[in-house]
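Contents: one structure, followed by commentary.
No value in this document is a laboratory result; all are computed from the given coordinates. Bear in mind that the values here come from a model prediction, so they are computed numbers and not experimental data. Reconstructed Cβ throughout: ideal geometry from the backbone, glycine too, with neighbour counts over all protein chains shown.
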Amino acid sequence: MKVLVYSTRDFEKSYLENANNGKHTLTFTKEALSSKTAINAIGYDAISIFSADEACFITIEKLRGFGVKYISLRSVGHDNVNLKAAEREGIKVANVPAYSPNAIAEHAVTLLLALNRKLIEANDNIRRFNFELNHLTGFDLNGKTVGIIGTGKIGSVMAKIMHGFGCKLLGHDLEEDGLITQQYGLQYVTLKNLCEDSDIISIHLPLNSETHHLINEDLFDIMKEGVYLINTARGAIVNTDDLVKALDDKKVGAYGMDVYEHEKGIFFKDLSHDTPDDDTLIKLIAMPNVLVTGHQAFLTNEALTNIAETTIYNLDCWKNNKLNENELTG
């Protein structure tokens, strides 16, 4: 099968080649998929895309016209793909349903610890040989209340880790997991109660019409003064304008973000010589109580291996006309 791999990053190419082991003809391009770049897929049976690619209605129509039959996502999230359009055009789409929940949850904890113990500021001071400890005071995690919004695969790992720190756990999800309650003492509550009672809140939800701007001014208003908020899920789950106001008002004490509502066209690129045209992001980066990473929570050897292997597995299933449990289209 001839496959065009869009948005290929240097760090993932070898993983894909190793997983493929010569089974498919892979062509790599750093260009992202869009309605303009869809034409590059002429002559290919399938394409593989990442979370920054855009497979909208128009793009899907063009891909079908160019002969593309399959789209293998290299991500869990699929909000960047118009699945209804793909199904209508007869294009099969599959994702990587779970590459490494540990990678994401551990990164969320990393953001929390770095913010709480002022590690970035401390390291900056040390680089200037300033060994004073002023303004570096954090707090014990033991005994704090941690609210986990979304208790699926990643959220459950987050619960396990925070339980190990001796935290009291609150959870909110449409589907409750009794095993988490039994093992880690997590108590399911309403989203309102979670926001009211949590010292730390970590988001682990997919982005869809129900979760878009779920965290907004109404919820910020009822959160504890100085709450720590961590988002390794999707940027648009948080209303960015409302977040900035909550940070300015010191309602939110610290924000750890691996995702950003307007990250498209910015994240995954080297813009060190070309400042992003985004005043809000620039302001967030400049805030000492905000820690930004560029959508790298998934970036571990284990996760990249699983992503590559599942991506090739999806292609194998289609090539061999086998049932694929990862398909998102009917």
What helices in the chain pass both tests, a Cα length along the helix axis of 30 Å or more and a mean Kyte hydropathy of -0.5 or higher, using whole DSSP H runs? none
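Sequence gap at least 6, Cα distance under 8 Å: using those rules, report the relative contact order of the chain to the nearest whole percent.
Details: 609 pairs, mean separation 58.0, N = 330.
Here the relative contact order equals 18 percent.
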Residues of the stretch 219-257 with amide N under 14 Å of the 7 Å Cα→Cβ point at D79: 231-241
Over the C-alpha atoms of the stretch 73-131, what are the Rg and the largest Cα-to-Cα span, Dmax, in Å? 20.4, 63
Which residue, chosen from V252, P206, L119, occupies the Cα position most advanced towards the positive end of the dipole of the stretch 101-292, where the dipole is computed from +1 (Lys, Arg) and -1 (Asp, Glu) charges on Cβ about the Cα centre? L119
Cα-centred dipole magnitude for the chain, charges only on beta-carbon of K, R (+1) and D, E (-1), debye, nearest 20: 940 debye
Among all stretches of the chain without exposed GluC sites (Glu not before Pro) (DSSP loop, at most 15 other Cβ atoms within 10 Å), which one is longest? 32-131
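Taking 0.36 nm per residue of sequence separation and subtracting the Cα-Cα distance, how much length would be gained by fully extending the chain between D248 and T137, in nm to one decimal?
In short, 37.9 nm is gained.
Within the stretch 101-292, count lysine pairs with alpha carbon atoms under 13 angstrom apart where the residues are 8 or more positions apart or belong to different chains.
Summing the qualifying lysine pairs gives 7.
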List the extent of the Cα atoms of the chain along each of their three principal axes, largest first, rounded to whole Å. 61, 49, 35
Linear extension gain, K269 paired with R117, 0.36 nm per residue minus alpha-carbon span: 51.8 nm
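How much length would be gained if the chain were fully extended between Q187 and E175, taking 0.36 nm per residue of separation minus their Cα-Cα distance, in nm to one decimal?
Gain on extension, Q187 to E175, equals 3.0 nm.
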So what is the 222 nm mean residue ellipticity for the chain from helices alone, if each DSSP H run of at least 4 adds -39500 (n - 2.57) and you divide by all residues, rounding to the nearest 500 deg cm²/dmol? -10500 deg cm²/dmol
